[in-house]
1. Identify, from the list Leu193, Leu153, Leu167, the residue that is at pLDDT 95 or above, within 25 Å of Val29 (Cβ to Cβ), hydrophobic (A, V, I, L, M, F, W, C) and part of a helix (DSSP H, G or I).
2. Where in region 210-291 are there helices (runs of 4 or more DSSP H), lying fully within it, with 3 or more residues that are within 22 Å of the chain's Cα centre (by Cα), within 13 Å of Met194 (Cα to Cα) and within 14 Å of the ligand (Cβ to nearest atom)?
3. Scan region 6-18 residue by residue and report those that are touching a helix residue (DSSP H, G or I) at 6+ places or on another chain (Cβ under 9 Å) and either modelled with pLDDT of 95 or more or not assigned by the TED database to the domain that holds Thr115 (or both).
4. Quickly run through region 92-108 and pick out the residues that are at pLDDT below 95 and not in a helix (DSSP H, G or I).
5. Enumerate the pairs (first residue in region 15-35 and under 15 Å from Ala69 (Cα atoms); second residue anywhere and of a type in the set (D, E, K, R) and not in a loop (DSSP other than H, G, I, E, B)) with beta-carbon separation below 8 Å, excluding pairs fewer than 6 apart on the same chain, so at least 6 apart or on different chains.
6. For region 125-135, give me the residue count where each residue is within 16 Å of the ligand (Cβ to nearest atom) and in a helix (DSSP H, G or I).
7. Which one is farthest from Leu153 (Cα to Cα) among residues in region 170-190 that are over 14 Å from the mean Cα position of the chain (by Cα) and assigned to a helix (DSSP H, G or I)?
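The values are calculated or read from the model by the stated rules, or taken from the named source; none is laboratory data. Just so it is clear, the structure is predicted and the values come from calculations on it, not from any experiment. FYI the Cβ positions are ideal-geometry reconstructions off the backbone, even for glycines, and counts take in every protein chain you see. Accessible surface is based on the protein model in full, side chains and every heavy atom, while ligands, DNA and RNA are left aside. Shrake-Rupley method; radii C 1.70, N 1.55, O 1.52, S 1.80 Å.
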Amino acid sequence: MEIKKVGIVGAGQMGNGIAHVFALAGYDVVVNDISQEALDKAVATITRNLDRQVSREKITAEKRDTALARITTTLQLEDLGQTDLVIEAATEREDVKNAIFERLLPHLKPETILTSNTSSISITRLASRTDRPEKFMGFHFMNPVPVMQLVELIRGIATDEATYHTLLKVVENLGKTAASAEDFPAFIVNRILMPMINEAVYTLYEGVGSVKSIDESMKLGANHPMGPLELADFIGLDTCLAIMNVLHDGLADTKYRPCPLLTKYVEAGWLGRKTQRGFYDYRGETPVPTR
Ligand SMILES: NC(=O)c1ccc[n+]([C@@H]2O[C@H](COP(=O)([O-])OP(=O)(O)OC[C@H]3O[C@@H](n4cnc5c(N)ncnc54)[C@H](O)[C@@H]3O)[C@@H](O)[C@H]2O)c1
């Protein structure tokens, strides 16, 4: 099946990045959100990020203008009815995602492929609530979408080969690289990354190292571009904790238990960069370790 028109539900951090890369690759894009403010902010962010690509000579001004002209926004979910592919990128709550699919389904063409950008919710379970589990997949982009090369493709138990191959082709058209993952908690990237971040927090909690020594050790000793605690602050400590809980509950193995210090930071509202404080304090000129 050929994909020409793409619908995106949720215009947050991920939704705007996904709209950006699809429009640049030549797809028509309709973005839906329940908040007009989120839609306006998404268009402003996309414009700013495209402008940056023009100033760095990664794309031409003409390409920026055609990409922007391909994006429309709407508060009406039914405006996504004529799309060939829907990417749900709304808030990470299963009830929210189920309600979106339920409201959208009566308006969709029978052949439209449905996907979710969820970081952790079971694709098989989300798909089972729709009328097309064979045309349902996990389509997991990485943050920030315009910069990150990888896209995880997650097949639910019922996903058919045609749907999988259509999405492989779409990833290729975006100029990105697909990794296929089976539908188990946190898929591949977060299954490996989050326990490492959680272990870094345990290393801090047990006093083996300070924030600075842990991050420096992994940057200089393992050649990681960012230290694990710096990276946790970038992702959001609430998100890290939520994913550890999904691993812990879903795989029922104590090796995934979230570090109590991670829980404490989240309870304090120290969620990382987005709240200006996490393992580092970002309120001054340069980030200062909090331990
Ligand atoms: N942040 C990340 O690093 C990251 C990475 C990969 C995947 N994800 C996944 O992407 C999804 C979105 O995450 P985000 O970081 O962009 O969140 P976000 O909070 O930035 O954006 C979510 C958006 O969804 C909108 N929304 C909520 N309910 C809606 C509804 N019923 N209909 C339409 N829009 C609705 C909100 O208004 C908001 O604009 C989540 O499933 C998350 O797990 C996030």
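1. Leu167
2. Working: elements: 211-221, 228-235, 237-251, 260-267.
In region 210-291, 228-235, 237-251 are the helices (runs of 4 or more DSSP H) which contain 3 or more residues that are within 22 Å of the chain's Cα centre (by Cα), within 13 Å of Met194 (Cα to Cα) and within 14 Å of the ligand (Cβ to nearest atom).
3. Val6, Gly7, Ile8, Val9, Gly10, Ala11, Gly15, Asn16, Gly17
4. Of everything in region 92-108, those that are at pLDDT below 95 and not in a helix (DSSP H, G or I) turn out to be Glu92, Arg93.
5. Filtered contacts from region 15-35: Asn16/Lys41; Leu24/Lys63; Tyr27/Lys5; Asp28/Lys5; Val29/Lys5; Val30/Lys5; Val30/Asp79.
6. Pass one, region 125-135, residues within 16 Å of the ligand (Cβ to nearest atom): 125-127, 129-130.
When the remaining residues are screened for being in a helix (DSSP H, G or I), the result is 125-127.
The qualifying residues number 3.
7. The first filter runs over region 170-190 and keeps only residues over 14 Å from the mean Cα position of the chain (by Cα), leaving 170-185.
Still in the list and also assigned to a helix (DSSP H, G or I): 170-173.
On the way: Val170: 11, Val171: 9, Glu172: 12, Asn173: 15 Å.
Filtering first and then ranking leaves Asn173.
Table: residues versus (1) charged (D, E, K, R); (2) touching a strand residue (DSSP E or B) at 6+ places or on another chain (Cβ under 7 Å); (3) on the phi < 0 side of the Ramachandran plot; (4) within 16 Å of the ligand (Cβ to nearest atom).
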{"position": "Ile18", "(1), (2), (3), (4)": "no, yes, yes, yes"}
{"position": "Val31", "(1), (2), (3), (4)": "no, yes, yes, yes"}
{"position": "Ile34", "(1), (2), (3), (4)": "no, no, yes, yes"}
{"position": "Asp51", "(1), (2), (3), (4)": "yes, no, yes, no"}
{"position": "Ala67", "(1), (2), (3), (4)": "no, no, yes, no"}
{"position": "Leu77", "(1), (2), (3), (4)": "no, yes, yes, yes"}
{"position": "Ala89", "(1), (2), (3), (4)": "no, yes, yes, yes"}
{"position": "Asp95", "(1), (2), (3), (4)": "yes, no, yes, yes"}
